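J.: The structure follows.
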Amino acid sequence: MILLEFSMSPMDKGESVSPYVSRSLDIISNSGVPYRLGPMGTCLEGEWDEVMGVIKQCLEKMSSDCNRITCAIKIDYRKGKSGRLESKMASVEAKLGKKLNT
């Protein structure tokens, strides 16, 4: 199972790129892939082809009207484990004995 965190944005659309980034979030939320939105990126959880398929769709949509795009991807593979979007946070919170802002 893969946890994949990524950030993708156009480099040729000025200072505010939320209209372009929001289109990626529409793709992600309609994909059925579990995800968590963060202030600097989005984390997806699923099988390799599934999460990479979502990234591909986001890139294809963004490249339809953006000439230069930056994308940073971080991947954590762990065999046989799922539900880590929640369990990784819960594990840290349990060790600290308190709820964190997640």
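The values are calculated or read from the model by the stated rules, or taken from the named source; none is laboratory data. On a predicted model such as this, the values are computed, not experimentally measured, just so you know. Don't worry about glycine lacking a Cβ; one is built from the backbone with ideal geometry, like all the others, and counts go over all protein chains shown.
J.: Take T102 and decide whether it is polar (S, T, N, Q) and either surrounded by 11 or more Cβ atoms within 10 Å (Cβ to Cβ) or within 22 Å of G32 (Cβ to Cβ) (or both).
T.: In short, yes.
J.: So, of the residues in segment 27-42 that are of a type in the set (S, T, Y) and over 13 Å from L85 (Cβ atoms), which turns out to be surrounded by the fewest Cβ atoms within 10 Å (Cβ to Cβ)?
T.: Here the answer is S29.
J.: Against the definition (out of contact with any helix residue (DSSP H, G or I) (no Cβ under 9 Å at 6 or more places or on another chain), more than 16 Å from L3 (Cβ to Cβ) and in a helix (DSSP H, G or I)), how does K98 come out, yes or no?
T.: Against the criterion (out of contact with any helix residue (DSSP H, G or I) (no Cβ under 9 Å at 6 or more places or on another chain), more than 16 Å from L3 (Cβ to Cβ) and in a helix (DSSP H, G or I)), K98 does not qualify.
J.: Would you pick out the residues in segment 71-87 that are among the polar types (S, T, N, Q) and without any contact (Cβ under 8 Å) to a residue 12 or more places away in the chain?
T.: Hit for segment 71-87 is S87, nothing else.
Condition check ((1) in a helix (DSSP H, G or I); (2) surrounded by 12 or more Cβ atoms within 10 Å (Cβ to Cβ); (3) touching a His at 6+ places or on another chain (Cβ under 7 Å)) across all residues:
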position: E5; (1), (2), (3): no, yes, no
position: D12; (1), (2), (3): no, no, no
position: L25; (1), (2), (3): yes, yes, no
position: L44; (1), (2), (3): no, yes, no
position: V51; (1), (2), (3): yes, yes, no
position: V54; (1), (2), (3): yes, yes, no
position: C58; (1), (2), (3): yes, yes, no
position: M62; (1), (2), (3): yes, yes, no
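J.: Considering segment 1-16 alone, what residues qualify as being at pLDDT 95 or above and among the hydrophobic types (A, V, I, L, M, F, W, C)?
T.: I2, L3, L4, F6, M8, M11
Residue-wise test of (1) more than 11 Å from L4 (Cβ to Cβ); (2) in contact with a strand residue (DSSP E or B) (Cβ under 7 Å, 6 or more places away or on another chain); (3) without any contact (Cβ under 8 Å) to a residue 12 or more places away in the chain.
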| site | (1), (2), (3) |
| --- | --- |
| G32 | yes, no, yes |
| E45 | no, yes, no |
| C58 | yes, yes, no |
| M89 | yes, no, no |
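J.: Among V92, V33, V54, which is over 18 Å from the mean Cα position of the chain (by Cα) and hydrophobic (A, V, I, L, M, F, W, C)?
T.: None of the others qualify; the one that does is V92.
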